[in-house]
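Some notes on the structure that comes next.
The values are calculated or read from the model by the stated rules, or taken from the named source; none is laboratory data. Only a predicted model underlies this, so the values are computations on that prediction, with no experimental measurement involved. Cβ atoms come from the backbone with ideal geometry, glycine included; neighbour counts cover every protein chain shown.
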Amino acid sequence: MRTLADDARLVPAAGGVVWRTGGTGALETLLVHRPKYDDWSLPKGKLDAGEHPLMAAVREVGEETGLHVAVGRRSVQTRYDVRHGDKRVDYWVMKAVGGRFTPNDEVDQVRWLTVPAARALATHEHDRAVLDDLVRTDVPRAPRVLLVRHASAGERADFDGPDDERPLDRTGRDQAATLATVLPLFTPARLLAAPPLRCRQTVEPLSAALGMPVDAVPELGEEGFGADPQAGVDLVRRLLAREDGGGPTVICSQGGAIPSVLSALGVRWSGTAGALWPPSAKGSVWALGGRPGALAADYYRDFTADPAAPAGALVRSSAGRS
């Protein structure tokens, strides 16, 4: 049993297992050499105050390697003893999309290696667990769909007008601004929104940040989904099955549709026997990849900092890893 004293000793950190396709077509990953410790490890670092682990992971990879990355699925979480406490590191799979390494105060060398070679060179056993996760073949390395619940829009009873015209409130606008900062890390290729104004307003800041239009998706509004649920589920299935190599599709939908879509895809909430529907808080994001029966489904309740708690909930369908 963990105590409050144990939690006080927690050192939260985050990092990335970065990959590319080498010249021979083989999967390659990156290890960094830290002269302070004389070790070969994965790029990672401690969270700054008020920082979400995902943002910290991207920042640390950039600082240590100079690389620009596209965030993929959540990888494993490692935990081990360090001198001043218990270190927890949340990892994400990341594709290298640009940038260049320059030696710095923390890292003096980097090496691109095949995964077997990286496992052999890695100094720490906990890094090998992350490398093993990178080569999984049952789920993809990156999500194909980012399913967003619209941000906060107050109470229906307090709005004097058609419900589809109810706008975001102050909290909702803040949530939309945060999404516009975080979701570009996944390099989206397309933005879709259900008909209500609050859905479109949720992704408008993201649209402006990416310079990308927002297309309508009536099949995933509550009214359209209620009339034909299968059409909404089939749309998400088709987007998950895309194999064009592009980034994920962002879909902003509603609470009356998202849990049903997830359940139809086989997503079950962690720690239950399948009776509890997947959650869908306002402003939350489900990152989905794979296919029904072998689906990676990561739930991001929000992107505020919570260093003392696990970094989100990793959920797998019945054929995936729990």
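Of all residues in the stretch 107-123, those satisfying the criterion of being in contact with an Asp or Glu (Cβ under 7 Å, 6 or more places away or on another chain) and either closer than 20 Å to THR24 by Cα or surrounded by fewer than 19 Cβ atoms within 10 Å (Cβ to Cβ) (or both) are TRP112, LEU113, THR114, THR123.
Please determine, by comparing only the residues of the stretch 179-217 that are charged (D, E, K, R) and more than 19 Å from the chain's Cα centre (by Cα), which one is surrounded by the most Cβ atoms within 10 Å (Cβ to Cβ).
ARG198
Taking the stretch 44-80 as the range and being surrounded by 21 or more Cβ atoms within 10 Å (Cβ to Cβ) and either among the basic types (Lys, Arg) or not assigned by TED's automatic domain parsing to the domain that holds LEU31 (or both) as the test, the residues that pass are LYS44, ARG73, ARG74. Within the stretch 82-106, the residues that satisfy the criterion of being surrounded by fewer than 17 Cβ atoms within 10 Å (Cβ to Cβ), part of a strand (DSSP E or B) and not β-branched (Val, Ile, Thr) are GLY85, ASP86, GLY98, GLY99. Only residues that are out of contact with any Gly (no Cβ under 9 Å at 6 or more places or on another chain) and either in contact (Cβ under 8 Å) with a residue 24 or more places away in the chain or within 30 Å of PRO292 (Cα to Cα) (or both) were counted in the stretch 117-159, giving 18. The helices (runs of 4 or more DSSP H) falling completely within the stretch 190-297 that include 2 or more residues that are closer than 20 Å to ALA180 by Cα map to 197-210.
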